[in-house]
């Protein structure tokens, strides 16, 4: 008889959405409590789909509770699942490791939190499944926990529940490192993984899946977020389906201002782009990082008074979306048009090699080695942070060269240089 389960991870209950500075017209109320509402949608989906169990693969919490309300919210949601006769199996990850969470409440009897001392196995014989898991004892776990997971239980469908940086992922700390080959060798039918916040299927034979986080929390967590619904029959996985459950959508909104004659034209392009982003988010509230690019006559206007245009863009977003979009940050990387200079003009001859260098990734990469050595001599405060001098990045160097060319052009053409 087939059975179904939901696999979710990285809930981060009560984690605030980061980088959102309030301003007049911003949808503040829509953003508050987003992680809670996404978790409520997970519970509602489990009940509506009549799943046989729910798996939570770590980082249920974002750290130690500021007060007991976080724990009480989780208990209330688990009670709903108990009433629906749905058992829940949880491993703690780096954010909610045993050493991190100092407060606790007694869990409902339908919830099992796996031990942090050693791997253990829970059997649901009536369903035909065995779940193997181990929680984190402390935030940093340098060992491969899966190496000690037990052999599969004969006659049951075996699931491994694990919080891990399997095979390593850029932007994520290395915790409980393991390999897809090593997990596959265990002989389990499905691995429910957590820690990596973007949904990813590592393998299909057997299924090894990062479900991704339930709700994006900042500008690096863009796109649809949710859980994974799995249907099993006998010893075979029949289907693995993403279920989109986020309530607020993060997006990087690329605004190509090429040819825009003034700032108002840029705002018109932005309004159209935001409308498309809202459509893609299926009318969820949108948190957008706006990047304005391209060669345009509006360039000098935009860069001469960036604070004004930040507020103009925020206001345009509020008007165009009916207050459904929140502008998290604005990055203006436009460049001036140089149509006033004839192609055979001596000034054009001077600027052309600089433009070519900025656009040639191979040349920029070749120069990067020398610059990295020089950058090490700079004070740490100039190299670190979101606006630091990251000369190891080809993108950063290309942008810096482009800005230097703009400054040269402004001086040669007698314009006010970009600030």
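What follows draws every value from the coordinates through simple rules; no lab data is involved. These figures come from a predicted structure and were not determined experimentally. Reconstructed Cβ throughout: ideal geometry from the backbone, glycine too, with neighbour counts over all protein chains shown.
For a Förster distance of 41 Å, can you work out the FRET efficiency between the beta-carbons of residue 331 and residue 181, rounded to the nearest 0.05?
Working: r = 40 Å, r/R0 = 0.98.
Approximately 0.55, to the nearest 0.05.
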For the range 3-244, restrict the atom set to alpha-carbon positions and state the Rg and Dmax in Å. 17.1, 61
Can you tell me the order of 293-299, 236-242, 87-93, 255-261 when each peptide is scored by its average per-residue count of other Cβ atoms within 10 angstrom, highest first? 87-93, 293-299, 255-261, 236-242
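If r is the Cβ-Cβ distance from residue 137 to residue 1 and R0 is 30 Å, what FRET efficiency results, to the nearest 0.05? Walk me through the numbers on the way to the answer.
Values: r = 37 Å, r/R0 = 1.25.
The calculated FRET efficiency here is 0.20.
Please rank 136, 73, fewest neighbouring Cβ atoms within 10 Å first, as an exposure proxy.
Numbers: 136 25, 73 18.
Least to most surrounded, the residues fall as 73, 136.
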Rank by packing, highest mean first: peptides 191-202, 316-327, 3-14, with packing defined as the count of other Cβ atoms within 10 Å averaged across residues. 3-14, 191-202, 316-327
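Assuming 0.36 nm per residue, please report the length gained on full extension of the stretch residue 276 to residue 222 beyond their Cα-Cα distance.
Working: separation 54, 0.36 × 54 = 19.44 nm, distance 1.50 nm.
Full extension from residue 276 to residue 222 adds 17.9 nm.
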Exposure proxy check on 40, 307: fewest-to-most Cβ neighbours within 10 Å is 307, 40
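Within a 10 angstrom radius of the beta carbon, how do 204, 49 rank from fewest other beta carbons to most? Don't skip to the answer; put the middle values down first.
Numbers: 204 10, 49 15.
Listing 204, 49 from fewest to most nearby Cβ atoms yields 204, 49.
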